[in-house]
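Data first, discussion second: the structure below is written as structure tokens.
No lab work stands behind these numbers, since they all come straight from the coordinates. Nothing here was measured: the structure is a model prediction, and the numbers come from that model. Glycine also receives a Cβ, built like all others from the backbone with ideal geometry; neighbour counts cover every protein chain displayed.
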Amino acid sequence: MRKYYKQFGVLFGLLLLQSPLHSQDKISSLQQVQLLSQDECVVVQVNADWNLNASIDLSKLRNCAIFNASIDDPSYGSAIASEWKVKSVPTIIMFEYGKEVKRFEAGLSFNLNEQQVIKAIKDEIDEIQLRKFQ
């Protein structure tokens, strides 16, 4: 079964790079959550429906798949909150080939500093791109 998921994950990753999902999109299922983090570079913004005004616009980021997920979604919300240990919203998690490489968590204000977070994400994407050539 793992072999199937790995092969499907590679295919999904290749298709993802060619699809409009490469831009900011909303996660629609738990299976998509499990597969998307296996791509080379993935940024997932986890938020709650009641806090959407605190979301950061990540759509201008390049060389990385970008998704939004809600902990309020009945099909996957509690699973990602538990599996990814989301303690506050919004939380932005960066994955490189399925491994978490960076995390940004809001404090008591339920907000993130957009300029700082975008700069840090861009820097990490650059590092991921450089590691391909090492």
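Quick rundown of the values:
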quantity	calculated
Cleavage-rule hits (chymotrypsin sites (Phe, Trp or Tyr not before Pro)) in region 45-134: DSSP loop, at most 11 neighbouring Cβ within 10 angstrom	PHE133
Least to most buried among VAL46, VAL101, VAL117 (fewest other Cβ within 10 Å first)	VAL101, VAL117, VAL46
Cα→Cβ-extended label distance, 7 Å offset, between ASP57 and GLU114, nm	0.6 nm
Near-label residues of region 62-79 by backbone N, under 20 Å of a point 7 Å along Cα→Cβ of GLN31	67-70, 73-79
Amide H within-cut-off set for ASN68, under 5 Å, with H built and near neighbours excluded	ASP25, LYS26, ILE27, GLN45
